[in-house]
Amino acid sequence: MEFFKANDGCQIAYQDAGDKSQPFLVLLHGFTGSSEVFQRNIPTLSKHFRIIAPDLRGHGASDKPTHGFHVFRLAMDLHNLLDHLNISQPHTVRCIAGSLGCSILWSYTELFGNQVFSHMIWVDQAPMQNYASDGSWGSAEGNRGMNSVAAVANLKATLKYDPDSVYKGTIAGCLGYRSHPVEGESISDQVRDADEEFFLAIARQGNAEWYGNLMADHTALDWRQSIVENFGGRAENKTDVLVVATNRSGCFPASGPMAAVSFANLKAKTPRAQGTVIEWGGHWCYWEDPEKFNRLVLDFLL
């Protein structure tokens, strides 16, 4: 594990794997995760890319400050990381982002543009979590659970007295074999227990109250028009985008993440976004079937 300091002094941990002469591939994990969630992907992906996988602040081996629980702060951390690695040339970085990681990329693009990225992969994150008061975004697109101020308030309250119940609920919603089991699928009790123990241990590395504040910020953001303008409205946009959605997510109906494809292409003279809906995993599909996930992303990135 490597470390660097963000511009506010927070120490951020990151994995650096693969030959340093290879193109960069950044892996961004989601809420309550760490770079360890990609341990089934890094060995294969590092054969083709230099992997940079940070632990978001407040997560994993990174510092646990009492401040900085905002998506824009996490985007600044990503910018600081790229600066630390002396990455500035246009179209030299590829990135795979899951869940919250997608919001970090959308925030990064608002702040700094997306010129440094040649490819982005957005895994199972809708451009808006909450339902819209005007009816333009609802149960067909938004988050299945974290979709209102009241839902987030309940989450924050539960995190104060029983954080493990929140972490276990997150695990149940993010593993497709638990949130949307299919007939004939056989998952042993040993696998179920091992997965829960793994993700629970990672989640416990963070501060429960801090997590709640981060989720409140994350769910309040609406990225729909931002994606339209920053990935389609800019004539200089040259970032190719792949959206990976799933019919087995306990977090979003597939139409939510897939809407990002339409937003990204809406104003684009040359559409650069595409999407796919998978059936072989849930919100954490890269963990559930790493072989299929690795093949999918390499087909796009190479």
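Results, tabulated for the structure shown:
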quantity: Members of the range 116-139 that are touching a residue at least 40 places away in the same chain (Cβ under 8 Å), among the hydroxyl-bearing types (Ser, Thr, Tyr) and not in a strand (DSSP E or B); calculated: 139
quantity: Of residues in the range 258-283 being in a loop (DSSP other than H, G, I, E, B) and touching a Phe, Trp or Tyr at 6+ places or on another chain (Cβ under 8 Å), the one farthest from residue 183 (Cα to Cα); calculated: 268
quantity: Wholly within the range 1-115, strands (runs of 3 or more DSSP E) carrying at least 2 residues that are in contact with a Gly (Cβ under 6 Å, 6 or more places away or on another chain), at negative phi and modelled with pLDDT of 95 or more; calculated: 50-54
quantity: Candidate set from the range 247-302 (those that are β-branched (Val, Ile, Thr) and under 30 Å from residue 136 (Cα atoms)); member that is surrounded by the fewest Cβ atoms within 10 Å (Cβ to Cβ); calculated: 270
quantity: Qualifying residues in the range 260-292 (those that are among the hydroxyl-bearing types (Ser, Thr, Tyr) and closer than 16 Å to residue 98 by Cα) - the one farthest from the chain's Cα centre (by Cα); calculated: 276
quantity: Number of the condition not met by residue 249 [criteria: (1) closer than 15 Å to residue 224 by Cβ; (2) of a type in the set (Gly, Ala, Ser); (3) touching a His at 6+ places or on another chain (Cβ under 6 Å)]; calculated: (1)
quantity: Members of the range 175-197 found to be touching a helix residue (DSSP H, G or I) at 6+ places or on another chain (Cβ under 8 Å) and not in a loop (DSSP other than H, G, I, E, B), listed by number; calculated: 176, 177, 178, 179, 192, 195, 196
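Residue-by-condition table, conditions (1) acidic (Asp, Glu); (2) over 19 Å from the mean Cα position of the chain (by Cα):
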{"position": "13", "(1), (2)": "no, no"}
{"position": "18", "(1), (2)": "no, yes"}
{"position": "31", "(1), (2)": "no, no"}
{"position": "36", "(1), (2)": "yes, no"}
{"position": "40", "(1), (2)": "no, no"}
{"position": "45", "(1), (2)": "no, no"}
{"position": "48", "(1), (2)": "no, yes"}
{"position": "53", "(1), (2)": "no, no"}
{"position": "57", "(1), (2)": "no, no"}
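The values are calculated or read from the model by the stated rules, or taken from the named source; none is laboratory data. What you see is a predicted model; the values in this text were computed from it and never measured. When we count neighbours, we look across all protein chains shown, and the Cβ atoms used for this are built from the backbone with ideal geometry, even at glycine.
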